[in-house]
Every structure is written in structure tokens, then in C-alpha cells.
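One structure is given here, and the rest of the page talks about it.
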Amino acid sequence: MSEYADPRKAIDLSAERVQALQQQAVRQYQPVVDDILRTRSSDSQHIEQTLDGLLDFCSSEHVLHPCAVFREDAGRITPTASFGV
């Protein structure tokens, strides 16, 4: 029997996979964000690409707060960056 045969199990499995992906995004983006903020990078393209990637995962509370803080801090570092949000 397929793991998707029971709709409830399929939804639960999908939710677990989304959460795992969000946790992976936090692990991968955190060092990038920390480095941008620590070095006060003025590379607006890198900042915009990083923020864009973070926004893909902002449905997670673990990403939403760091995303908002990063956007605010990066805007102070590079006010000309166009965040498109």
C-alpha cells in the first residue's frame, strides 16, 4: 500500500517534509545571514538574493523572525537595496 493511500497520512507526511525543509533552510541560511550582518556587507545583490531565498521559507516561525531582522538590518547596511517586498 502506498504511503499516499490514506489522505490523512499523506497530509501528515507532507507537513513533516515541509517542516524538515524549513529546518534545513534555517541551518543553511543562518551562517550566510550572520556573515552579511557581521561584515556589514554592502553587496546589495548578495543581500537581495539571500533575502529572496529566506522569503521562500517565511511560513516557518523559525525563519520569519530572522528574516524580518535581516531585512531591517540589511536595509540599514545597504539602503539602496530593493527588497521587492
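The values are calculated or read from the model by the stated rules, or taken from the named source; none is laboratory data. None of these values were measured; they are calculated from a predicted model. Backbone-built Cβ (ideal geometry, glycine too); neighbour counts: all protein chains shown.
Do we have any residue at all in segment 55-62 that's among the hydroxyl-bearing types (Ser, Thr, Tyr), at pLDDT 85 or above and outside any helix (DSSP H, G or I)?
At the first step, the residues of segment 55-62 found to be among the hydroxyl-bearing types (Ser, Thr, Tyr) are 59-60.
Next, only the ones that are at pLDDT 85 or above stay: none.
No, segment 55-62 contains no residue that is among the hydroxyl-bearing types (Ser, Thr, Tyr), at pLDDT 85 or above and outside any helix (DSSP H, G or I).
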Exercise. Is there a residue being free of Cβ contacts under 8 Å to residues at least 24 places away in the same chain and in a loop (DSSP other than H, G, I, E, B) anywhere in segment 6-15?
Worked result: yes
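Given the residues ARG27, ARG76, which is the only one that is assigned to a helix (DSSP H, G or I), modelled with pLDDT of 85 or more and surrounded by fewer than 14 Cβ atoms within 10 Å (Cβ to Cβ)?
None of the other options fit; the residue is ARG27.
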